[in-house]
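These notes concern the structure reproduced below.
The values are calculated or read from the model by the stated rules, or taken from the named source; none is laboratory data. This structure is a prediction, so every number in the text was calculated from the model and none was measured. With ideal geometry, Cβ positions are generated from the backbone for all residues, glycine too; neighbour counts draw on all protein chains shown.
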Amino acid sequence: MSGKPTHRELRRHKPKIYTLSAGIRARREMEFTTRLCKPGDEGALSLAAQGTILETYAGITEGDDLIIHANAESSVAVFNRIVTGEHTRAWIAETVNGKCVVGYAVAVSDEHAKSFSSFELKRLYVFYRFHGNGLGRRLMEDVLSFAKRMKSETIWLEVHEANNHAIEFYKRFGFVQTGTALFPAGKGSYRVLTMELALTE
């Protein structure tokens, strides 16, 4: 199975509706869905990408670098290529009421390999307001279910060394550190950990 998402694949990924408690002042019940992205989602994905990058890395990276990186890597055009690409997939978490994006994930197949036999979990972000509600876990479960269908052997990722919350999150799913690298953003470079998950039957 390869290529861009088919109608059959999109039907298989019907939105999963579940109720979680969210809110800052008054804790009230909200319903969310996670689903595979399709053309038309690129605007919401771009908005979520730029917002979550800012709230995650403000204070630990240079502001100018964040702006340059967000403009280059999180534009609507970039996400249009992702949702229509042969070797990319994206998932979105959104509210049932209003269809507002609150998180997303992106997978990119490695080059020179059978499609998605190994791939990078390029991004997985949830807005801080919705942390602790299981949305990150649900997005990761969607990614892992996809990997199982594709018979993927390895998932790898890079995470900022200061992002301890994300590092611990990935460890809970079995990712282990395999090295370090420098991630270019804007005019700067930032130290990241490389982590990998070996998938077995």
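Conditions (1) in a strand (DSSP E or B); (2) at pLDDT 95 or above, marked per residue:
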residue: Ala113; (1), (2): no, no
residue: Glu120; (1), (2): yes, yes
residue: Asp142; (1), (2): no, yes
residue: Ala147; (1), (2): no, yes
residue: Ile155; (1), (2): yes, yes
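Mind checking which pairs have a first residue in the range 145-162 that is closer than 29 Å to Gly188 by Cβ and free of Cβ contacts under 8 Å to residues at least 12 places away in the same chain and a second that is part of a loop (DSSP other than H, G, I, E, B) and not basic (Lys, Arg), Cβ under 9 Å, 6 or more apart or different chains?
Qualifying pairs under 9 Å: none.
Name the residues in the range 35-60 that are among the acidic types (Asp, Glu) and surrounded by 14 or more Cβ atoms within 10 Å (Cβ to Cβ), would you?
Here is the first cut: in the range 35-60, the ones among the acidic types (Asp, Glu) are 41-42, 55.
Matches in the range 35-60: Asp41, Glu42.
For the range 57-102, which residues satisfy the criterion of being assigned to a loop (DSSP other than H, G, I, E, B) and among the hydroxyl-bearing types (Ser, Thr, Tyr)?
The initial filter retains those residues of the range 57-102 that are assigned to a loop (DSSP other than H, G, I, E, B), namely 59-60, 62, 74-75, 85-87, 96-100.
Across the range 57-102, the qualifying residues are Ser74, Ser75.
So in the range 64-76, with the set limited to residues that are among the aliphatic types (A, V, I, L, M) and in contact (Cβ under 8 Å) with a residue 12 or more places away in the chain, which one is nearest to Leu36 (Cα to Cα)?
At the first step, the residues of the range 64-76 found to be among the aliphatic types (A, V, I, L, M) are 66-68, 70, 72, 76.
This time we only want the ones that are in contact (Cβ under 8 Å) with a residue 12 or more places away in the chain, so: 66-68, 70, 76.
Details: Leu66: 27, Ile67: 27, Ile68: 28, Ala70: 23, Val76: 17 Å.
The extreme case among them is Val76.
Between Gly174, Gly186, which is of a type outside the set (A, V, I, L, M, F, W, C), in contact (Cβ under 8 Å) with a residue 60 or more places away in the chain, more than 15 Å from Thr56 (Cβ to Cβ) and touching a Leu at 6+ places or on another chain (Cβ under 9 Å)? First the steps, then the outcome.
Numbers: Gly174 fails: in contact (Cβ under 8 Å) with a residue 60 or more places away in the chain.
Within the list Gly174, Gly186, the selection yields Gly186.
Is it true that Ala181 is outside any helix (DSSP H, G or I) and without any contact (Cβ under 8 Å) to a residue 24 or more places away in the chain? If you could, list the steps in order and put the result at the bottom.
Values: outside any helix (DSSP H, G or I): yes; without any contact (Cβ under 8 Å) to a residue 24 or more places away in the chain: yes.
It is true that Ala181 is outside any helix (DSSP H, G or I) and without any contact (Cβ under 8 Å) to a residue 24 or more places away in the chain.
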